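Working notes, beginning with the structure itself.
The values are calculated or read from the model by the stated rules, or taken from the named source; none is laboratory data. Quantities reported herein were computed from a predicted structural model and do not represent experimental measurements. All Cβ positions, glycine included, derive from the backbone under ideal geometry; neighbour counts span all protein chains shown.
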Amino acid sequence: MKKLLAPVEKIENKILNIRGKSVMLDRDLAALYGVEVRALNQAVKRNPERFPSNFMFQLCKEEWEILRSQIVIFKNDGRKFLPYAFTEQGVAMLSSVLKSKRAIVINIEIMNTFVAVRQYVLKTQNDERMSARLGVVEKALLQYMEKNDKRVDDVIAALNSMMKAENKKELKKIGFVP
């Protein structure tokens, strides 16, 4: 039997950040599902109530131009219409309008990849926050040590000067003096 699952890395590379949301473009989803972009968009347009604006949106011309300038593959796309971007919820909803076994299997892989990417981002943000906190603690500790080192140095200097003064004093002779 032919393997239907797409590698996670292949899916991860298709997740873009547009308008502050993690999305996948209609062309990438169509390729993963094994359907034409036209067929995917047609299935979506037949079920508009399933795809509110927080599930899917059409890129504006400026967004598309920026993407095309950043990603060489898009330059020769030959599209007549601006692409649609699907959020994680929109991708989940696609499985209800694309009714093939491949769509179900691929949809599961895409959902798992979205979760993995989200967990990675959260972990990275937490690591950055922890590093920043550790940096603040380290700085405070160094400042504290510098202050206390100065105090210790002052005490040692005072003890040294006392010892020198004591060494300079003549010791009284004890015992019988003729």
**Study point:** strands (runs of 3 or more DSSP E) lying entirely in region 8-78 (those with 1 or more residues that are surrounded by 12 or more Cβ atoms within 10 Å (Cβ to Cβ) and modelled with pLDDT under 90)
**Key:** 16-18, 21-25
Check your understanding: Looking at this structure, is VAL121 under 17 Å from the mean Cα position of the chain (by Cα), assigned to a helix (DSSP H, G or I) and either modelled with pLDDT of 70 or more or farther than 15 Å from LEU25 by Cβ (or both)?
Key -> yes
Practice item. Sort out which residues of region 90-104 are surrounded by 16 or more Cβ atoms within 10 Å (Cβ to Cβ) and under 17 Å from LYS10 (Cβ atoms), and write them in order of number. Key: VAL91, ALA103
